[in-house]
Amino acid sequence: MPLPAAIAADRDWWRHAVVYQIYPRSFADSNGDGVGDINGIRSRLPYLASLGVDAIWINPWYPSPMEDAGYDVSDYRAIEPVFGTMADAEALVAEAHDAGIRVILDIVPNHTSDQHRWFRAALAAGPGSPERDRYIFREGRGPHGDEPPNDWRSEFGGPAWTRVTEADGRPGQWYLRLFAPGQPDVNWNHPDVRAEFAETLRFWFDRGIDGFRIDVAHGLVKDADLRDIAGLPFPLPDDTPDGVEHPHWDQPGVHEIFREWRAIADSYAEPKAFCGEIWVGRAHRLTAYLRPDELHTAFNFNFLTCPWLAGPLREVITSTLDAHASVGAPPTWVLGNHDVCRPASRYARPQEQIDPGFPNLQHYLGLPSDLAVGRRRARAAALLSLALPGGAYIYEGEEFGLPEVEDIPMEARQDPTVAGTGGAEIGRDGCRVPVPWTTGGDSFGFSPDGAAAPWLPQPSDWGTYSAQAAEADPDSSLALYRRALALRSRIPALGDGTLAWVDAGPDAVAFTRDPGFGCWVNLGAEPLPLPAGARVLLASDDLADGAVPTDTAVWVELA
Ligand code: NOJ
């Protein structure tokens, strides 16, 4: 099906798109089983169109045992029955396009599920078989091979290796899995792996999908000798000498894979685009993935992890813009996703004290929290991110100012991090709680009334954050996002391009964009004056005597 003319004309869509992330389990449940689904997404397309987003990114919707909420894929070219059918998926793509919204899927190339046909074949075929060579099987260390082959650690806790029982019933080889035991890493040196994923890209592109978010894009290639990490930190520090590489993150060999993928995307008449999930720290290592023959965009996690402090924000914005300009790629501006603490709750903490590492709730436990402050900052951060050059991401519920749910009982938590760490970490469920659509009802409009309980419990006050509550409040976060997105689509200065910094004092983040646009953000205690002649277009909170109050962002038209 050709794209409707209105969106087809925008061939550079990925350079400026505002992409709304849908975590399908938690967005909208149409059939009452307590888990969100594709028809639920379809029912909310009018809402997404009224919000004004350009695209949706849907987290994995493929068949999966759900050991890691769908990031353990057992069949890359089908739909998980809990989410619906291929016909539902095709209808969603067509309806989204008709509503002017592009569709981005999530591809998971670092690992499959242990239920994938390849992994089952590898287990059945035994050591030394060609089937095992599609994964990373090794003998263990130690006299009986009962120690893992190297010192790599799982992202979810414990060693990154699981030992299998061979056909004769004896403990045998170990396989690498950087995430959960049910997520064996594939061997990207194997031609079958390359061919299979290339075919999967084409399968979905042929069905009208506009792009892919690439899971763990920096992890696909491993050191040829599976060297020990031996204490090397990651991300590598800024002053790391050339030639020092981490053995399983950001290996230089990964770039060749994305060159091949780019050629596949470019072989289509319609513009297809990639966005890499690439946690590498150093800005130049991120933008190496964005050279003109590689990926189109990548998530800007340096911005996401930056505390709400003016100096660090100016620095991260500058380093982002410089690094992206060096390869001609547009930055993205990201405040949250399904893996990290929601921004309203992150910004609620004392910002000088927060750990700039991987920003999940675990890091903030024990720090005092003022949610009113956090939500106010999150509104300001939204205006900031939508004013910066490039594209932006909104994670479902961010537009309601949803907080993290911090008190999910341990027994209700589902993230494999909880089991992987023996309960020492609480995991990422707090940002995945099903979205509230209505002020009341059994599940605040997530499922039909009378349905099974939502797959994660919702707090009793969840309805106060709902879409329905926001619709009734002209000053809600939702109203702010709608106005911002409507303005963004008609202000020529916004989207792709450049900015010029304005020195408005140490506690301000202030810049202009041509023609005639300015964004002033006040992170200090004193009101921040606006420049003479500035006409206010939009403010994240009320202004005080024409000045920008604390934790407020303002968009202005400049004379
Ligand atoms: C990143 C995904 O965003 C996360 O949810 C998942 O657990 C890991 N990759 C492993 O696939």
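The values are calculated or read from the model by the stated rules, or taken from the named source; none is laboratory data. All figures in this text were calculated on a predicted structure; none of them were measured in a lab. No Cβ is skipped: glycine too gets one built from the backbone with ideal geometry, and neighbour counts run over all protein chains shown.
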message: So if I check each of 336, 311, which one is assigned to a loop (DSSP other than H, G, I, E, B) and either away from the ligand (no atom under 16 Å from the Cβ) or buried (at least 20 other Cβ atoms within 10 Å of the Cβ) (or both)?
response: 336
message: Against the condition modelled with pLDDT of 95 or more and either in contact with a Gly (Cβ under 8 Å, 6 or more places away or on another chain) or at positive phi (or both), how does residue 182 come out, does it pass?
response: no
message: Against the definition (small (Gly, Ala, Ser), surrounded by 16 or more Cβ atoms within 10 Å (Cβ to Cβ), on the phi < 0 side of the Ramachandran plot and in contact with a helix residue (DSSP H, G or I) (Cβ under 9 Å, 6 or more places away or on another chain)), how does residue 357 come out, yes or no?
response: no
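Rundown of residues vs (1) surrounded by 15 or more Cβ atoms within 10 Å (Cβ to Cβ); (2) farther than 20 Å from residue 14 by Cα, yes/no style:
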| position | (1), (2) |
| --- | --- |
| 217 | yes, no |
| 220 | yes, yes |
| 231 | no, yes |
| 262 | yes, no |
| 276 | yes, no |
| 280 | yes, yes |
- line: Condition set more than 23 Å from residue 66 (Cβ to Cβ) and in contact with a Ser or Thr (Cβ under 9 Å, 6 or more places away or on another chain), scope the range 149-180, selection surrounded by the fewest Cβ atoms within 10 Å (Cβ to Cβ): answer is 171
query: Of 247, 235, which residue is over 19 Å from residue 71 (Cα atoms), within 16 Å of the ligand (Cβ to nearest atom) and crowded, with 16+ Cβ neighbours inside 10 Å?
result: 235
task: Select, from 72, 37, 29, the only residue that is within 16 Å of the ligand (Cβ to nearest atom), buried (at least 23 other Cβ atoms within 10 Å of the Cβ) and of a type outside the set (Gly, Ala, Ser).
output: 72
- prompt: So which residues in the range 95-109 are in contact with a strand residue (DSSP E or B) (Cβ under 6 Å, 6 or more places away or on another chain) and within 16 Å of the ligand (Cβ to nearest atom)?
  reply: 104, 105, 106, 107
message: Within the range 81-90, does at least one residue satisfy the condition of being under 13 Å from residue 41 (Cα atoms), surrounded by fewer than 20 Cβ atoms within 10 Å (Cβ to Cβ) and in contact with a Lys or Arg (Cβ under 8 Å, 6 or more places away or on another chain)?
response: yes
- prompt: Restricting attention to the range 56-68, and to residues there that are touching a helix residue (DSSP H, G or I) at 6+ places or on another chain (Cβ under 7 Å) and closer than 21 Å to residue 42 by Cβ, which single residue is nearest to the ligand (Cβ to nearest atom)?
  reply: 59
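So which of 505, 495 ends up being surrounded by 16 or more Cβ atoms within 10 Å (Cβ to Cβ) and assigned to a loop (DSSP other than H, G, I, E, B)?
Selected residue: 495, the only one of 505, 495 that is surrounded by 16 or more Cβ atoms within 10 Å (Cβ to Cβ) and assigned to a loop (DSSP other than H, G, I, E, B).
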- prompt: If we scan the range 211-224, do we find a residue that is among the basic types (Lys, Arg), at pLDDT 95 or above and more than 16 Å from the ligand (Cβ to nearest atom)?
  reply: no
